[in-house]
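Read the structure below first, then the notes.
The values are calculated or read from the model by the stated rules, or taken from the named source; none is laboratory data. The structure displayed is predicted, hence computed values, not measured ones. Virtual Cβ from ideal backbone geometry, glycine too; neighbours counted across all protein chains shown. Remember, those area values only see protein heavy atoms, side chains included, never the ligands or the DNA or RNA. Shrake-Rupley method; radii C 1.70, N 1.55, O 1.52, S 1.80 Å.
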Amino acid sequence: MRPANSVYSSLGTTIFTVMSALAAEHGAINLGQGFPDDEGPDDVRAAAAKAILDGPNQYPPMMGLPTLRQAVAEANKRFYGLDVDWQKQVMVTSGATEALHDCLTALLNLGDEAIVFEPAYDSYRPVIEAAGAKVVAVPLAPPHWSLPMEKLEAAFSDRTKLILVNTPMNPIGKVFTRDELAAIAALMQRHDAYAVCDEVYEHLVFSGHTHIPLMTLPGMAERCLRIGSAGKTFSLTGWKIGYVTGPAHLMEAVAKTHQFVTFTTAPGLQSAVAYGLGKDDAYFASLASSLEAKRDRLAKGLKEAGFDVLPADGTYFISADFRPLLKNKKGFNGNDEEFCRDITVKAKVAAIPLSAFYSSPDAPRHLARFCFCKQDAILDEASARLKVYAKAD
């Protein structure tokens, strides 16, 4: 029989599925999965319940409810000073991953090149390649994950259609600085390229760091598609509500892609997200501060177990070098995937090997990614288990 799509049919089982299944098999605390273990703000959930009961519950407008599109435009102005026409420049999607798919598919043609920073969220590459384009990977190096300017300049060519900029960055928690973004913007203008900006963790940024949308830099408003996520902003990942902001001439193509993917998104949930985006500044500040406290809590536990903990400026994730932990431990000398399997089975704590987020064979093999958006008691128990593991022969 004729083969299916070569990109998607060649994909194996993801490391996330593998590690989650292993965690379930061994009764491990799963710090590999990137979602909170609470249920999100009571008032936002109450708004959704009311909207569902009151209706309507039929197809909303393809671009999204006007109330949510207006709220997204107002949030862009409130937080970043962006002037956005909600009717022409904002679209609602069924999650940010759909938004990524819509943006990439709308922009890319056969033979185009798309620059991706690695380590990278795992949906980027297959969507780009399925569109017939080529991924040009630019690896960031631990522990500080600074922008490698020479490699980035070399990655741009006359075939570069776009660059994918994820800040704050999954899986490493990096927040790009203004200088780094300015360097990216200069190369985009030089090579007439666009940017797809994955900014789903925009409100999960910690002390000493500021989220700066690339779209706010001079000359970038006409070149950027900016993606946000209600799932991350309100700890409601199962709702799958995302939104795209961009120039009208690009949004037309993105909307046509969305039309043939999900077409529309649950109206009751859209209404609740519109309400949530209007919450006062204290909510957004407390979201970041509470997650920062959890980051610090888990970092302390990992350090006490013997890990060398890398900086994390935002997101749900922290990376740790496990080599110091193994100096006085016998019986293990494996790579990051083997280490994550070992701690899942023996310590009953699951993490994700960071090399899973790279396409390069020379990816770092000594780092594990832990998710800290869990209850304090869970983080403490995971740390205690890892300390026992570190002391065992």
Contour minus Cα-Cα distance for residue 146 and residue 122 (0.36 nm per residue): 6.6 nm
Segment 302-388: projected area of the alpha-carbon convex hull, averaged over directions, in nm²: 5.8
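Express the carbon and sulfur contribution to the solvent-accessible surface of the chain as a percent, rounded to the nearest whole number, probe 1.4 angstrom.
C and S atoms contribute 52 percent here.
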Reciprocal of mean inverse Cα separation for segment 195-331 (Kirkwood radius, Å): 17.7
Whole-angstrom gap from segment 16-45 to segment 172-218, using each part's C-alpha centre: 29
Surface accessible to a 1.4 Å probe, per residue, for the residues of segment 91-173, Å²: 33
Label-reachable residues, segment 364-393, where backbone N falls under 18 Å from a point 7 Å from residue 279's Cα toward its Cβ: 373-376
Estimated inter-spin distance, residue 25 and residue 388, nm [label 7 Å along Cα→Cβ]: 2.1
FRET efficiency estimate (nearest 0.05) - Cβ-Cβ, residue 342 to residue 159, R0 30 angstrom: 0.10
Radius ratio Rg over Rh of the chain, counting only Cα atoms, Kirkwood formula for Rh: 0.97
Inter-part distance where segment 70-113 and segment 364-393 are each reduced to a Cα centre, Å: 36
Extension gain (nm, one decimal) between residue 14 and residue 79, 0.36 nm per residue minus Cα-Cα: 19.9 nm
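Could you calculate the contour length gain from residue 46 to residue 62, that is, 0.36 nm times the residue separation minus the distance between their Cα atoms, to one decimal place in nm?
Computed gain between residue 46 and residue 62 is 3.3 nm.
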Dipole moment magnitude, nearest 20 debye, segment 94-250 about Cα centre, only Lys, Arg, Asp, Glu C-beta charged: 180
Built amide H within the under 5 Å cut-off of residue 174, gap 5+: 169, 313
Loop-located trypsin sites (Lys or Arg not before Pro) in segment 81-184 whose Cβ has at most 15 other Cβ within 10 Å (DSSP): 159
